[in-house]
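Structure first, then comments.
The values are calculated or read from the model by the stated rules, or taken from the named source; none is laboratory data. Bear in mind that the values here come from a model prediction, so they are computed numbers and not experimental data. We place every Cβ from the backbone using ideal geometry, glycine too, and count neighbours over all the protein chains shown. Note: accessible area is taken over every heavy atom of the protein model, side chains too, but ligands, DNA and RNA are not part of it. Shrake-Rupley method; radii C 1.70, N 1.55, O 1.52, S 1.80 Å.
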Amino acid sequence: IVLVSVGSARVKARDTRRIADMRQVTLALEFYVDKYRHYVPTTGSTAEARWQDLKECLSAQPACTDNTKSFQIMTAAPEDPLGTAQFQYDYSPNANQTGFVLKSRMETDHEVLVSDIDGTQSGYNNIDCGDTDPIYCVKI
């Protein structure tokens, strides 16, 4: 019984961290748009590549796709606590970089899923924010 409780607590803790990570990155992106008047651009075609683009730009790495930018906002962007192919954060700006979608797969049907956005986000690399799987998405 104790092992089941500990496992359940770990799952809930990871989901809580995912929500906090999405909020932290949203705040960092708001700082970025305040400085540069657009959100971080991406060139990647996969969630992993787009998240890498985001990490490089928020930490002012030379590989940033917005290569004229050198203002460090985060020392390191967060990664999903499990960090597997199934549990990978995703970021996609719209075409003119005036909005974005952040995505995280949850392990539970967390209450935050009631108020997030749902459905396929056209204009944002068709990120699937459906709740068939517990997917948490933020759209600005």
Checklist outcome for this item: Checked against (1) aromatic (Phe, Trp, Tyr); (2) open to solvent by 50 Å² or more (accessible area, probe 1.4 Å); (3) part of a loop (DSSP other than H, G, I, E, B), Phe31 satisfies every condition except (3)
Next on the checklist: Just the residues that are part of a loop (DSSP other than H, G, I, E, B) and either among the basic types (Lys, Arg) or open to solvent by 80 Å² or more (accessible area, probe 1.4 Å) (or both), please, taken from region 119-139.
Outcome noted: Ser122, Asn125, Asn126, Thr132
Checklist entry - Of (1) open to solvent by 50 Å² or more (accessible area, probe 1.4 Å); (2) without any contact (Cβ under 8 Å) to a residue 24 or more places away in the chain, Ala49 satisfies all except one. Which? => result (1)
Checklist outcome for this item: Matching residues in region 106-116 (surrounded by 15 or more Cβ atoms within 10 Å (Cβ to Cβ) and either of a type in the set (Val, Ile, Thr) or farther than 16 Å from Asp80 by Cβ (or both)) number 3
Item to check | Subset of region 61-82 [open to solvent by less than 30 Å² (accessible area, probe 1.4 Å) and over 26 Å from Met106 (Cβ atoms)] | outcome: Cys64, Asp66
Next on the checklist: Criterion first (closer than 17 Å to Asp15 by Cα, touching a residue at least 12 places away in the same chain (Cβ under 8 Å) and open to solvent by less than 20 Å² (accessible area, probe 1.4 Å)) does Leu58 satisfy it?
Outcome noted: no
Item to check | Filter result (open to solvent by less than 30 Å² (accessible area, probe 1.4 Å) and hydrophobic (A, V, I, L, M, F, W, C)) within region 83-105 | outcome: Phe87, Phe100, Val101, Leu102
Checklist entry - Do we find a residue being in contact with a helix residue (DSSP H, G or I) (Cβ under 8 Å, 6 or more places away or on another chain) and modelled with pLDDT of 95 or more anywhere in region 93-102? => result yes
